[in-house]
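Notes follow the structure.
The values are calculated or read from the model by the stated rules, or taken from the named source; none is laboratory data. Keep in mind the model is a prediction, meaning the values are calculated, not measured. No Cβ is skipped: glycine too gets one built from the backbone with ideal geometry, and neighbour counts run over all protein chains shown. Please note that ligands, DNA and RNA were not included when accessible areas were found on the heavy atoms of the full protein model with its side chains. Shrake-Rupley method; radii C 1.70, N 1.55, O 1.52, S 1.80 Å.
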Amino acid sequence: MKFLIGLAVRAGLCTFKFIAAILLAAVKTVKFIAGELEEILRLGVKVFLWILRELTESFRTRVRVSNELSRNIRKAKKSGKKEYFKAIINFAGSFFCGENGVFYSAFNYILPIVSAAFMIGVIMYGSGLEYGLAVEYNGRQLGIITAEADFETAQRDVMQRISYNEGEENIDLSAKFSLRIISENEQLVTAGQLADKMLEASDEELTKAYGIYIDGNFIGAVRDKDEVQAALDEKLLNYETDGVVKNISYVNKIEYTEGIYLLSSVKDQQETIDMLTSTKERRRVYVAAEGDTPVSVVQKYGMRLDEFNELNPKAEKGIKKGQMLNVIERESYLPIQYVREMESLTFLDYETIEVETSTLNVGVRSVLVKGERGEKVSNIEITYVDGIESSRQVLDSVITKNPVVETIGVGTYSAMPDYPDTVYLGGPLMGSGQFGWPVAGGWISDTFISDRNHKGLDIAAPESTEIYAAADGLVVSAGWNSGGYGNVVMIEHPDGYATVYAHMIYVYAVEGQYVSKGQLIGFVGTTGNSTGNHCHFEVRYQGVCLDPTAFLNTVNAAAVKKEDEE
């Protein structure tokens, strides 16, 4: 007890010391911060006083000088008028023009302000001016441009224009630049205007014409662009297409620029039209892909079917994957592109899932729900270049038929005979498998329509062996039967069939109950007209007894049992 009390006192003392140490540290921290703030404040006051003293020093000096001069005037007044007048003049000169006089102090304060105002004015004036680069080429002033990049653009343009020059000497395109202020009477020149001036400054034969540029590249010049453009428009107007098309145009960008061009670069109108509207053909080999047909290959290359058959006479009998085919590829100088909108039907693949089901025996797999592909209708926009598809884009899609998931059943029904490979007449039962083996084991001790007009199968098994429903159905009878069946269960199935399970020692199912295949319904016994423990199993269709072996299949059960034994 004393030990616990001492421990508690020591713990309390430690806690008190810890709290005291924290408070002491906090006090020291506050004291340190306050001391530093006081030092900073004291230093700030000293700096303020120094600045104030420096700013007012000249004023205080001026006051001391004025007081001194005033004393001199009072002394001179006693000495006479002449001395008094000299003292007044000395006071005025010192006050206005002395070292610390009014004019000197004003100059010291006003000069920085005037200098700053002058500098701001110069900057504002300079920023309002417009500057440019004056271009001097071949000794001539060509004009003023905004940036050196304009000259580089003009230089490239001139290089394209003189590419038609057949002379051996190259034209020097170097120029000199100088920064200039643009006056009101001067105007900036564009890159195109500069290119014209550079050509004019050269010694080449020049003429005024329209330059034709394809995607920015100069291909020649013509006297009249309207005739060339009319021929190109006519080709577009008469271009043959399949179906309704939109946005028909040339793939390349065609531009005309009026300017000065080398005389040698100016082409004949018709020659230019023939070049721009020309089409080249070249023969090549195509390797057939899976699913190719003569029609699909013809559509791919914009050929005629008779033309393809002439090049590939053996293809009429069919095309195989990997087969080498001769095709003709057409390439226009100016390819034409157009767009078509079409509806496309595509199929959606279905998924496949597996589910366990007691409707099938163990080891049996069967399709319960057959899968079906879905359908999707899409509005697509297809772009063709010279009649050959180059790209397609889906605008919108609507699923018109949803895919049906394929369901594969995996059997879980495990009831099987004791010896499934010798269950009946020296071999396993190989019926339809519509019904499952109804007993947890057993063997056939009597067949259908035996020598005593037997209406079912007798499956012998030890007393109290479990009996299962052979298929899903409704229990329509469960209990004692006075007609010789003893304890019996009768199940009606949805497809018009019924199954009967007789001579049970105990009935587990209840009349009106819906049972699933493999569900426990009773136990093997020998009640009623019976000479041994067995399950009398009947299969009826619309009241007519059928041979149960036609509906039982123990092949898979035998395979599963054999695998388990191994």
Ratio of Rg to Rh over the stretch 399-537 (Cα coordinates, Kirkwood Rh, two decimals) = 1.05
With no solvent and one equal point scatterer per Cα, compute the Debye intensity ratio I(q)/I(0) for the stretch 338-454 at 0.13, 0.14, 0.19 Å⁻¹ and report its log10, rounded to two decimals.
-> -0.71, -0.77, -1.01
For the stretch 491-544, run through the GluC sites (Glu not before Pro) and keep only the ones in DSSP coil with at most 16 other Cβ atoms within 10 Å of their Cβ.
-> Glu511
In whole µm²/s, the translational diffusion coefficient that Stokes-Einstein assigns to the stretch 202-336, given a Kirkwood hydrodynamic radius over C-alpha pairs, 37 °C and 0.692 mPa s, equals 183 µm²/s
Between their Cα atoms, which of Lys300/Lys320; Lys300/Lys321; Lys235/Lys280; Lys321/Lys370; Lys246/Lys376 are more than 23 Å away from each other?
-> Lys321/Lys370; Lys246/Lys376
Charge context of Glu354, other residues only, Cβ under 10 angstrom, K/R +1, D/E -1 = -1
Could you give the accessible area per residue of the stretch 439-488, probe 1.4 Å, as a whole number in Å²?
-> 44 Å²
Compute the separation of the alpha-carbon centres of the stretch 368-444 and the stretch 243-260 and state it in Å as a whole number.
-> 55 Å
Pairwise label distance in nanometres, Glu258 with Met342, each label 7 Å out on the Cα-Cβ vector = 4.5 nm
What list of ³J(HN,Hα) couplings, whole Hz, do you get for the stretch 359-374 from phi and the Karplus terms 6.51, -1.76, 1.60, once you set θ to phi - 60° and write x for glycine and proline?
-> 6, 10, 6, 4, x, 9, 10, 8, 6, 8, 10, 6, x, 10, 5, x
